[in-house]
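The values are calculated or read from the model by the stated rules, or taken from the named source; none is laboratory data. All of these numbers come straight from a predicted model, not from anything done at the bench. Using ideal geometry, Cβ is built from the backbone for each residue, glycine included, and neighbour counts are taken over all protein chains shown. Surface accessibility is based on the protein's heavy atoms, side chains included, excluding ligands, DNA and RNA. Shrake-Rupley method; radii C 1.70, N 1.55, O 1.52, S 1.80 Å.
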Amino acid sequence: MYKNMSKLVTPNANLEFAEFHVYKLIAILFVISGHRQMYAIGQTPLYNVDWLNSYFIDVVILNGGIVVDTFFVLSGFLTCHYILQELDKYKRFNFLVVFLNRWIRIAPVYMAVVGFYSYVFPHLGDGPLWTERLTQEVDRCKHNWWTNLLFINNYVNSDNQCMVQSWYLACDMQFFMVGSVLVYVLWRWPRLGQTLLWTTLVASIATPAIITYQNRYYGTVLHYMSLMKDPMSVQHYRDMYIPGHNRIGPYLVGIITASFYLQLKLHNFKFTPVTLAVGSVVAGTLLLGSCLTGWICYDRARPYSLWENTLYAGIHRSVWALGMSWFIVAEGTTGFGTFYKVVKHRFFTPFGRLTYCVFLVHTIPQIYLTSSTRVPEYLTVPKLFWVVTGDAASAYILALYLNLFFEAPLDRLQKKTIKRLLKPGGEAKPQATELSQNGVNGGGRTQ
(Lines give C-alpha, C1' and ligand atoms only; values in the text may rest on other atoms or scores of the structure.)
Protein backbone atom coordinates (compact mmCIF):
# COMPACT_ATOMS: atom_id res chain seq x y z
CA MET A 1 0.00 0.00 0.00
CA TYR A 2 2.84 2.38 0.78
CA LYS A 3 4.49 1.84 -2.60
CA ASN A 4 1.20 2.08 -4.45
CA MET A 5 0.21 5.27 -2.63
CA SER A 6 3.62 6.81 -3.31
CA LYS A 7 3.26 5.99 -6.97
CA LEU A 8 -0.25 7.42 -7.04
CA VAL A 9 0.66 10.84 -5.60
CA THR A 10 4.10 11.35 -7.18
CA PRO A 11 3.90 13.46 -10.35
CA ASN A 12 6.07 12.81 -13.37
CA ALA A 13 9.20 14.87 -13.76
CA ASN A 14 7.90 15.92 -17.18
CA LEU A 15 4.90 18.20 -16.61
CA GLU A 16 3.74 18.12 -20.24
CA PHE A 17 -0.02 17.47 -20.22
CA ALA A 18 -0.13 17.67 -16.40
CA GLU A 19 -3.19 19.91 -16.82
CA PHE A 20 -5.07 16.85 -18.13
CA HIS A 21 -5.57 15.82 -14.50
CA VAL A 22 -7.68 18.93 -13.92
CA TYR A 23 -9.59 18.46 -17.18
CA LYS A 24 -10.47 14.94 -16.08
CA LEU A 25 -11.35 16.03 -12.56
CA ILE A 26 -13.80 18.62 -13.89
CA ALA A 27 -15.29 16.16 -16.39
CA ILE A 28 -15.75 13.37 -13.86
CA LEU A 29 -17.47 15.78 -11.46
CA PHE A 30 -19.94 16.60 -14.22
CA VAL A 31 -20.46 12.87 -14.80
CA ILE A 32 -21.12 12.31 -11.10
CA SER A 33 -23.53 15.25 -11.08
CA GLY A 34 -25.36 14.00 -14.17
CA HIS A 35 -25.88 10.53 -12.76
CA ARG A 36 -26.99 11.94 -9.41
CA GLN A 37 -29.62 13.98 -11.26
CA MET A 38 -30.70 10.85 -13.12
CA TYR A 39 -31.18 8.86 -9.94
CA ALA A 40 -32.61 11.76 -7.93
CA ILE A 41 -35.13 12.92 -10.55
CA GLY A 42 -35.99 9.72 -12.36
CA GLN A 43 -35.75 7.08 -9.65
CA THR A 44 -36.64 8.86 -6.39
CA PRO A 45 -40.16 9.98 -5.39
CA LEU A 46 -40.24 13.81 -5.37
CA TYR A 47 -42.61 16.32 -3.80
CA ASN A 48 -41.58 18.95 -6.36
CA VAL A 49 -41.19 17.47 -9.84
CA ASP A 50 -40.86 20.91 -11.46
CA TRP A 51 -37.91 22.05 -9.37
CA LEU A 52 -35.84 23.76 -12.08
CA ASN A 53 -36.67 27.40 -12.74
CA SER A 54 -33.51 29.00 -14.16
CA TYR A 55 -32.70 29.00 -17.88
CA PHE A 56 -28.94 28.79 -17.36
CA ILE A 57 -29.11 26.12 -14.66
CA ASP A 58 -31.70 24.19 -16.69
CA VAL A 59 -29.59 23.95 -19.81
CA VAL A 60 -26.30 23.24 -17.98
CA ILE A 61 -27.95 20.44 -15.98
CA LEU A 62 -29.92 18.94 -18.86
CA ASN A 63 -27.23 19.25 -21.55
CA GLY A 64 -24.14 18.98 -19.37
CA GLY A 65 -23.51 15.43 -20.58
CA ILE A 66 -21.53 16.91 -23.47
CA VAL A 67 -18.64 17.26 -21.01
CA VAL A 68 -18.15 13.47 -21.36
CA ASP A 69 -16.68 14.20 -24.80
CA THR A 70 -13.72 15.77 -23.01
CA PHE A 71 -12.59 12.24 -22.17
CA PHE A 72 -12.79 11.22 -25.82
CA VAL A 73 -10.70 14.23 -26.89
CA LEU A 74 -8.00 13.45 -24.32
CA SER A 75 -8.08 9.76 -25.20
CA GLY A 76 -7.71 10.38 -28.94
CA PHE A 77 -4.98 12.95 -28.36
CA LEU A 78 -2.90 10.68 -26.12
CA THR A 79 -3.38 7.68 -28.41
CA CYS A 80 -2.03 9.57 -31.40
CA HIS A 81 0.73 11.29 -29.44
CA TYR A 82 2.02 8.03 -27.98
CA ILE A 83 1.86 5.95 -31.15
CA LEU A 84 3.46 8.56 -33.40
CA GLN A 85 6.34 9.02 -30.99
CA GLU A 86 6.87 5.27 -30.73
CA LEU A 87 6.78 4.85 -34.50
CA ASP A 88 9.23 7.71 -35.04
CA LYS A 89 11.60 6.19 -32.52
CA TYR A 90 11.35 2.45 -33.19
CA LYS A 91 9.84 2.32 -36.72
CA ARG A 92 7.38 -0.41 -35.75
CA PHE A 93 4.47 -0.95 -33.41
CA ASN A 94 3.20 -4.25 -32.00
CA PHE A 95 -0.57 -3.76 -32.20
CA LEU A 96 -1.44 -7.15 -30.71
CA VAL A 97 0.65 -6.59 -27.60
CA VAL A 98 -0.59 -3.01 -27.19
CA PHE A 99 -4.24 -4.10 -27.46
CA LEU A 100 -3.63 -6.93 -24.98
CA ASN A 101 -1.83 -4.50 -22.67
CA ARG A 102 -4.82 -2.18 -22.72
CA TRP A 103 -7.35 -4.96 -22.16
CA ILE A 104 -5.39 -6.35 -19.19
CA ARG A 105 -5.15 -2.89 -17.67
CA ILE A 106 -8.85 -2.11 -17.94
CA ALA A 107 -10.82 -5.37 -17.86
CA PRO A 108 -9.91 -7.01 -14.50
CA VAL A 109 -10.78 -3.95 -12.39
CA TYR A 110 -13.89 -3.43 -14.51
CA MET A 111 -15.03 -7.03 -14.00
CA ALA A 112 -14.41 -6.78 -10.26
CA VAL A 113 -16.95 -3.94 -10.09
CA VAL A 114 -19.38 -5.89 -12.31
CA GLY A 115 -19.01 -8.82 -9.92
CA PHE A 116 -19.76 -6.49 -6.99
CA TYR A 117 -22.96 -5.35 -8.72
CA SER A 118 -23.98 -8.96 -9.39
CA TYR A 119 -23.28 -10.70 -6.09
CA VAL A 120 -22.51 -8.24 -3.27
CA PHE A 121 -24.52 -5.07 -3.82
CA PRO A 122 -27.99 -6.66 -3.37
CA HIS A 123 -27.17 -7.65 0.23
CA LEU A 124 -26.03 -4.22 1.45
CA GLY A 125 -29.35 -2.46 2.06
CA ASP A 126 -33.13 -2.57 2.13
CA GLY A 127 -36.22 -0.40 1.75
CA PRO A 128 -39.50 -0.33 -0.18
CA LEU A 129 -37.70 0.40 -3.46
CA TRP A 130 -34.59 -1.70 -2.84
CA THR A 131 -35.62 -5.03 -4.33
CA GLU A 132 -37.16 -3.50 -7.45
CA ARG A 133 -34.19 -1.26 -8.22
CA LEU A 134 -31.41 -3.67 -7.36
CA THR A 135 -33.06 -6.62 -9.10
CA GLN A 136 -32.88 -4.75 -12.38
CA GLU A 137 -29.19 -3.87 -11.90
CA VAL A 138 -28.29 -7.38 -10.75
CA ASP A 139 -30.12 -9.17 -13.55
CA ARG A 140 -28.51 -7.00 -16.19
CA CYS A 141 -25.03 -7.64 -14.85
CA LYS A 142 -25.57 -11.37 -14.37
CA HIS A 143 -26.92 -11.89 -17.87
CA ASN A 144 -24.84 -9.40 -19.87
CA TRP A 145 -21.47 -9.26 -18.11
CA TRP A 146 -19.86 -10.92 -21.14
CA THR A 147 -20.77 -7.99 -23.39
CA ASN A 148 -18.94 -5.70 -20.97
CA LEU A 149 -15.96 -8.05 -20.92
CA LEU A 150 -15.76 -7.92 -24.73
CA PHE A 151 -16.50 -4.17 -24.78
CA ILE A 152 -19.47 -4.54 -27.11
CA ASN A 153 -22.24 -3.67 -24.63
CA ASN A 154 -23.06 -0.44 -26.49
CA TYR A 155 -24.23 -2.56 -29.45
CA VAL A 156 -25.12 -6.02 -28.11
CA ASN A 157 -28.04 -6.21 -25.65
CA SER A 158 -27.75 -2.45 -25.22
CA ASP A 159 -31.28 -2.31 -23.81
CA ASN A 160 -30.06 -4.37 -20.82
CA GLN A 161 -26.44 -3.32 -20.42
CA CYS A 162 -24.79 -3.71 -17.04
CA MET A 163 -23.83 -0.39 -15.37
CA VAL A 164 -25.33 2.70 -16.92
CA GLN A 165 -21.92 4.33 -17.50
CA SER A 166 -20.29 1.30 -19.13
CA TRP A 167 -21.17 2.34 -22.69
CA TYR A 168 -18.26 4.79 -22.49
CA LEU A 169 -15.70 2.06 -21.86
CA ALA A 170 -17.00 0.08 -24.84
CA CYS A 171 -16.78 3.15 -27.07
CA ASP A 172 -13.30 4.04 -25.88
CA MET A 173 -11.94 0.54 -26.49
CA GLN A 174 -13.47 0.48 -29.97
CA PHE A 175 -12.09 3.94 -30.73
CA PHE A 176 -8.64 2.92 -29.52
CA MET A 177 -8.55 0.02 -31.96
CA VAL A 178 -9.80 2.11 -34.88
CA GLY A 179 -7.66 5.09 -33.92
CA SER A 180 -4.46 3.04 -33.64
CA VAL A 181 -4.88 1.85 -37.22
CA LEU A 182 -5.64 5.37 -38.45
CA VAL A 183 -2.54 6.75 -36.72
CA TYR A 184 -0.35 4.02 -38.18
CA VAL A 185 -1.64 4.76 -41.68
CA LEU A 186 -1.05 8.47 -41.02
CA TRP A 187 2.58 7.73 -40.11
CA ARG A 188 3.26 5.16 -42.84
CA TRP A 189 1.44 6.90 -45.71
CA PRO A 190 0.88 10.54 -44.64
CA ARG A 191 -1.29 11.64 -47.58
CA LEU A 192 -3.49 8.56 -47.41
CA GLY A 193 -3.63 8.88 -43.64
CA GLN A 194 -4.73 12.51 -43.76
CA THR A 195 -7.40 11.70 -46.35
CA LEU A 196 -8.65 8.71 -44.38
CA LEU A 197 -8.65 10.62 -41.08
CA TRP A 198 -10.58 13.63 -42.39
CA THR A 199 -12.99 11.41 -44.31
CA THR A 200 -13.71 9.46 -41.13
CA LEU A 201 -14.28 12.71 -39.23
CA VAL A 202 -16.76 13.93 -41.86
CA ALA A 203 -18.54 10.58 -41.67
CA SER A 204 -18.66 10.82 -37.87
CA ILE A 205 -20.44 14.18 -38.18
CA ALA A 206 -22.76 13.05 -40.97
CA THR A 207 -23.84 9.80 -39.31
CA PRO A 208 -25.69 11.21 -36.26
CA ALA A 209 -27.11 13.96 -38.45
CA ILE A 210 -28.55 11.43 -40.91
CA ILE A 211 -29.99 9.24 -38.15
CA THR A 212 -31.58 12.30 -36.56
CA TYR A 213 -33.04 13.39 -39.89
CA GLN A 214 -34.40 9.94 -40.77
CA ASN A 215 -36.06 9.40 -37.39
CA ARG A 216 -37.04 13.04 -36.78
CA TYR A 217 -35.21 12.95 -33.45
CA TYR A 218 -34.24 15.97 -31.40
CA GLY A 219 -30.63 17.09 -31.75
CA THR A 220 -29.73 15.72 -28.33
CA VAL A 221 -31.17 12.99 -26.16
CA LEU A 222 -33.71 14.77 -23.97
CA HIS A 223 -33.13 14.27 -20.26
CA TYR A 224 -36.77 13.96 -19.27
CA MET A 225 -38.30 11.76 -16.59
CA SER A 226 -38.77 8.84 -19.00
CA LEU A 227 -35.06 8.81 -19.81
CA MET A 228 -33.85 9.26 -16.24
CA LYS A 229 -36.07 6.47 -14.97
CA ASP A 230 -34.33 3.93 -17.20
CA PRO A 231 -32.12 5.24 -20.05
CA MET A 232 -31.70 1.80 -21.62
CA SER A 233 -35.44 1.57 -22.29
CA VAL A 234 -35.46 4.73 -24.44
CA GLN A 235 -34.95 4.13 -28.16
CA HIS A 236 -33.44 7.56 -28.81
CA TYR A 237 -30.80 6.90 -26.15
CA ARG A 238 -29.89 3.52 -27.64
CA ASP A 239 -29.83 4.87 -31.20
CA MET A 240 -27.94 8.10 -30.62
CA TYR A 241 -26.21 8.36 -27.24
CA ILE A 242 -24.25 5.13 -26.80
CA PRO A 243 -23.31 3.73 -30.26
CA GLY A 244 -19.68 4.32 -31.16
CA HIS A 245 -20.43 5.53 -34.67
CA ASN A 246 -22.29 8.51 -33.19
CA ARG A 247 -19.64 9.36 -30.57
CA ILE A 248 -16.29 8.96 -32.35
CA GLY A 249 -16.12 12.56 -33.65
CA PRO A 250 -14.38 14.07 -30.57
CA TYR A 251 -11.92 11.16 -30.50
CA LEU A 252 -10.94 11.86 -34.11
CA VAL A 253 -10.60 15.56 -33.32
CA GLY A 254 -8.20 14.53 -30.55
CA ILE A 255 -6.12 12.48 -33.01
CA ILE A 256 -5.95 15.34 -35.52
CA THR A 257 -5.03 17.74 -32.72
CA ALA A 258 -2.14 15.51 -31.59
CA SER A 259 -0.66 15.24 -35.10
CA PHE A 260 -0.94 19.03 -35.48
CA TYR A 261 0.55 19.58 -32.04
CA LEU A 262 3.59 17.41 -32.76
CA GLN A 263 4.27 19.36 -35.95
CA LEU A 264 4.13 22.65 -34.04
CA LYS A 265 6.45 21.29 -31.35
CA LEU A 266 8.87 20.07 -34.02
CA HIS A 267 9.19 23.63 -35.35
CA ASN A 268 9.17 25.18 -31.84
CA PHE A 269 6.13 27.24 -32.77
CA LYS A 270 4.76 29.86 -30.34
CA PHE A 271 1.49 31.76 -30.51
CA THR A 272 1.58 35.53 -30.11
CA PRO A 273 -0.14 36.95 -27.00
CA VAL A 274 -2.91 38.41 -29.16
CA THR A 275 -3.51 35.10 -30.94
CA LEU A 276 -3.49 33.28 -27.61
CA ALA A 277 -6.09 35.64 -26.14
CA VAL A 278 -8.37 35.70 -29.21
CA GLY A 279 -8.09 31.94 -29.70
CA SER A 280 -9.00 31.31 -26.06
CA VAL A 281 -12.08 33.54 -26.30
CA VAL A 282 -13.18 31.75 -29.48
CA ALA A 283 -12.52 28.32 -27.94
CA GLY A 284 -14.46 29.26 -24.81
CA THR A 285 -17.34 30.43 -26.97
CA LEU A 286 -17.34 27.11 -28.81
CA LEU A 287 -17.45 25.20 -25.54
CA LEU A 288 -20.27 27.25 -24.05
CA GLY A 289 -22.13 27.52 -27.34
CA SER A 290 -22.13 23.78 -28.03
CA CYS A 291 -23.73 23.22 -24.61
CA LEU A 292 -26.09 26.18 -24.29
CA THR A 293 -27.51 26.03 -27.82
CA GLY A 294 -28.90 22.62 -26.91
CA TRP A 295 -31.77 24.57 -25.39
CA ILE A 296 -33.42 24.65 -28.84
CA CYS A 297 -34.21 20.97 -28.28
CA TYR A 298 -35.96 21.65 -24.96
CA ASP A 299 -37.80 24.91 -25.74
CA ARG A 300 -41.40 23.86 -26.33
CA ALA A 301 -42.32 27.44 -27.31
CA ARG A 302 -40.36 26.91 -30.54
CA PRO A 303 -41.81 24.78 -33.32
CA TYR A 304 -39.79 21.66 -34.07
CA SER A 305 -37.23 22.32 -36.82
CA LEU A 306 -35.87 19.18 -38.45
CA TRP A 307 -32.88 21.00 -39.95
CA GLU A 308 -31.93 22.73 -36.70
CA ASN A 309 -31.97 19.46 -34.81
CA THR A 310 -30.16 17.62 -37.60
CA LEU A 311 -27.39 20.22 -37.69
CA TYR A 312 -27.01 20.29 -33.91
CA ALA A 313 -26.90 16.48 -33.69
CA GLY A 314 -24.11 16.36 -36.25
CA ILE A 315 -21.74 19.06 -35.08
CA HIS A 316 -22.17 19.89 -31.39
CA ARG A 317 -19.86 17.18 -30.03
CA SER A 318 -17.07 17.90 -32.50
CA VAL A 319 -17.42 21.64 -31.84
CA TRP A 320 -16.94 20.96 -28.12
CA ALA A 321 -13.87 18.87 -28.98
CA LEU A 322 -12.47 21.69 -31.13
CA GLY A 323 -12.73 24.11 -28.22
CA MET A 324 -10.93 21.67 -25.91
CA SER A 325 -8.23 21.08 -28.52
CA TRP A 326 -7.27 24.75 -28.61
CA PHE A 327 -6.47 24.79 -24.89
CA ILE A 328 -4.39 21.60 -25.23
CA VAL A 329 -2.33 22.95 -28.15
CA ALA A 330 -1.99 26.49 -26.80
CA GLU A 331 -0.76 25.34 -23.39
CA GLY A 332 1.57 22.72 -24.87
CA THR A 333 3.25 25.05 -27.36
CA THR A 334 3.09 28.48 -25.70
CA GLY A 335 1.58 28.23 -22.22
CA PHE A 336 -0.98 30.29 -20.34
CA GLY A 337 1.37 31.48 -17.64
CA THR A 338 0.77 31.60 -13.89
CA PHE A 339 -2.78 30.27 -13.97
CA TYR A 340 -1.74 27.02 -15.60
CA LYS A 341 1.12 26.64 -13.13
CA VAL A 342 -1.62 26.24 -10.55
CA VAL A 343 -3.56 23.89 -12.84
CA LYS A 344 -0.44 21.75 -13.29
CA HIS A 345 0.22 21.57 -9.53
CA ARG A 346 1.04 18.13 -8.14
CA PHE A 347 -2.01 18.37 -5.86
CA PHE A 348 -4.25 17.35 -8.77
CA THR A 349 -2.14 14.34 -9.80
CA PRO A 350 -3.89 11.66 -7.67
CA PHE A 351 -7.33 13.02 -8.61
CA GLY A 352 -6.52 12.57 -12.29
CA ARG A 353 -5.02 9.13 -11.81
CA LEU A 354 -8.03 7.89 -9.85
CA THR A 355 -10.46 8.94 -12.59
CA TYR A 356 -10.92 5.43 -14.00
CA CYS A 357 -11.74 3.92 -10.60
CA VAL A 358 -14.03 6.85 -9.78
CA PHE A 359 -15.81 6.32 -13.08
CA LEU A 360 -16.42 2.67 -12.20
CA VAL A 361 -17.66 3.11 -8.63
CA HIS A 362 -19.33 6.54 -8.43
CA THR A 363 -22.83 5.19 -9.14
CA ILE A 364 -22.65 2.74 -6.22
CA PRO A 365 -23.43 5.29 -3.43
CA GLN A 366 -25.97 6.94 -5.73
CA ILE A 367 -27.87 3.72 -6.36
CA TYR A 368 -27.59 2.79 -2.69
CA LEU A 369 -29.10 6.06 -1.44
CA THR A 370 -31.91 6.28 -3.99
CA SER A 371 -32.83 2.59 -3.68
CA SER A 372 -33.03 2.77 0.12
CA THR A 373 -35.23 5.90 0.10
CA ARG A 374 -38.26 5.57 2.38
CA VAL A 375 -39.95 8.98 1.98
CA PRO A 376 -40.27 11.43 -0.94
CA GLU A 377 -37.58 14.07 -1.39
CA TYR A 378 -37.97 17.84 -1.81
CA LEU A 379 -35.23 18.68 -4.33
CA THR A 380 -33.57 22.07 -4.75
CA VAL A 381 -30.42 23.19 -6.55
CA PRO A 382 -28.48 23.81 -3.29
CA LYS A 383 -29.51 20.39 -2.01
CA LEU A 384 -28.46 18.79 -5.30
CA PHE A 385 -25.08 20.52 -5.02
CA TRP A 386 -24.69 19.25 -1.46
CA VAL A 387 -25.56 15.67 -2.41
CA VAL A 388 -23.24 15.72 -5.44
CA THR A 389 -20.42 16.90 -3.19
CA GLY A 390 -21.03 13.88 -0.97
CA ASP A 391 -21.20 11.62 -4.02
CA ALA A 392 -17.82 12.87 -5.21
CA ALA A 393 -16.19 12.41 -1.80
CA SER A 394 -17.61 8.88 -1.47
CA ALA A 395 -16.57 7.99 -5.01
CA TYR A 396 -12.96 9.07 -4.47
CA ILE A 397 -12.72 7.17 -1.18
CA LEU A 398 -14.04 3.99 -2.82
CA ALA A 399 -11.78 4.60 -5.84
CA LEU A 400 -8.72 4.93 -3.61
CA TYR A 401 -9.39 1.52 -2.05
CA LEU A 402 -10.03 0.00 -5.49
CA ASN A 403 -6.76 1.43 -6.77
CA LEU A 404 -4.57 0.44 -3.83
CA PHE A 405 -5.91 -3.09 -3.41
CA PHE A 406 -6.76 -4.02 -6.98
CA GLU A 407 -5.80 -1.69 -9.82
CA ALA A 408 -2.21 -0.93 -8.77
CA PRO A 409 -1.22 -4.56 -7.99
CA LEU A 410 -2.74 -5.70 -11.29
CA ASP A 411 -0.86 -2.92 -13.05
CA ARG A 412 2.42 -4.33 -11.78
CA LEU A 413 1.42 -7.84 -12.78
CA GLN A 414 0.39 -6.56 -16.20
CA LYS A 415 3.80 -5.02 -16.84
CA LYS A 416 5.57 -8.24 -15.93
CA THR A 417 3.24 -10.23 -18.21
CA ILE A 418 3.74 -7.89 -21.15
CA LYS A 419 7.51 -7.95 -20.77
CA ARG A 420 7.48 -11.74 -21.04
CA LEU A 421 5.54 -11.49 -24.30
CA LEU A 422 8.10 -9.17 -25.85
CA LYS A 423 11.41 -10.08 -27.37
CA PRO A 424 14.45 -8.91 -25.43
CA GLY A 425 16.03 -5.78 -26.79
CA GLY A 426 15.09 -2.25 -27.66
CA GLU A 427 11.43 -2.92 -28.33
CA ALA A 428 10.63 -4.14 -24.84
CA LYS A 429 10.85 -0.77 -23.21
CA PRO A 430 8.30 1.19 -25.26
CA GLN A 431 5.77 -1.59 -25.44
CA ALA A 432 6.00 -2.35 -21.74
CA THR A 433 5.51 1.30 -20.87
CA GLU A 434 2.15 1.95 -19.31
CA LEU A 435 -0.31 3.26 -21.85
CA SER A 436 -2.44 6.19 -20.86
CA GLN A 437 -4.56 6.85 -23.92
CA ASN A 438 -7.84 6.29 -22.15
CA GLY A 439 -9.27 9.66 -21.16
CA VAL A 440 -11.02 8.06 -18.17
CA ASN A 441 -8.39 5.46 -17.35
CA GLY A 442 -6.58 7.40 -14.72
CA GLY A 443 -4.50 9.51 -17.07
CA GLY A 444 -1.84 6.89 -16.64
CA ARG A 445 1.19 7.26 -14.42
CA THR A 446 3.10 8.39 -17.49
CA GLN A 447 1.14 11.65 -17.20
Worksheet item: Applying the selection to segment 360-388, what residues are hydroxyl-bearing (Ser, Thr, Tyr), part of a helix (DSSP H, G or I) and open to solvent by less than 20 Å² (accessible area, probe 1.4 Å)?
Response: THR363, THR370, SER371
Worksheet, complete the sentence: Over segment 1-41, the set of residues of a type in the set (A, V, I, L, M, F, W, C), outside any helix (DSSP H, G or I) and open to solvent by less than 30 Å² (accessible area, probe 1.4 Å) is PHE17, ALA18
Item to complete: Enumerate the pairs (first residue in segment 1-26 and polar (S, T, N, Q); second residue anywhere and open to solvent by less than 70 Å² (accessible area, probe 1.4 Å) and part of a loop (DSSP other than H, G, I, E, B)) with beta-carbon separation below 8 Å, excluding pairs fewer than 6 apart on the same chain, so at least 6 apart or on different chains.
Response: ASN12/ALA18; ASN12/ARG445; ASN12/THR446; ASN12/GLN447
Worksheet item: When residues of segment 61-106 are filtered for being assigned to a helix (DSSP H, G or I) and surrounded by fewer than 18 Cβ atoms within 10 Å (Cβ to Cβ), how many remain?
Response: 13
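Under the condition of being assigned to a helix (DSSP H, G or I) and closer than 14 Å to ASN215 by Cα, which residue from segment 295-307 is least open to solvent (accessible area, probe 1.4 Å)?
The selected residue is LEU306.
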Discussion item. If LEU182 meets every condition in (1) at pLDDT below 95; (2) in a helix (DSSP H, G or I) apart from one, which number is that one?
Written reply: (1)
Discussion item. Could you check segment 374-419 and list, in sequence order, the residues that are closer than 13 Å to ARG36 by Cα and charged (D, E, K, R)?
Written reply: LYS383, ASP391
Worksheet item: Looking at (1) touching a residue at least 12 places away in the same chain (Cβ under 8 Å); (2) farther than 27 Å from SER166 by Cβ; (3) open to solvent by less than 30 Å² (accessible area, probe 1.4 Å), which is the one condition that is false for GLY335?
Response: (1)
Discussion item. Checking the structure you have, find out if any residue of segment 143-150 is open to solvent by less than 20 Å² (accessible area, probe 1.4 Å), in contact (Cβ under 8 Å) with a residue 60 or more places away in the chain and not basic (Lys, Arg).
Written reply: no
Response to the item:
Flagged in segment 372-389 as within 26 Å of the chain's Cα centre (by Cα) and in contact (Cβ under 8 Å) with a residue 12 or more places away in the chain, in numbering order, are VAL381, LEU384, VAL387, VAL388
Response to the item:
Among residues of segment 43-60 being part of a loop (DSSP other than H, G, I, E, B) and open to solvent by 30 Å² or more (accessible area, probe 1.4 Å), the residue modelled with the lowest pLDDT is ASN53
Practice prompt. State yes or no: is GLN136 over 30 Å from ARG374 (Cβ atoms), at pLDDT below 95, polar (S, T, N, Q) and part of a helix (DSSP H, G or I)?
Written response: no
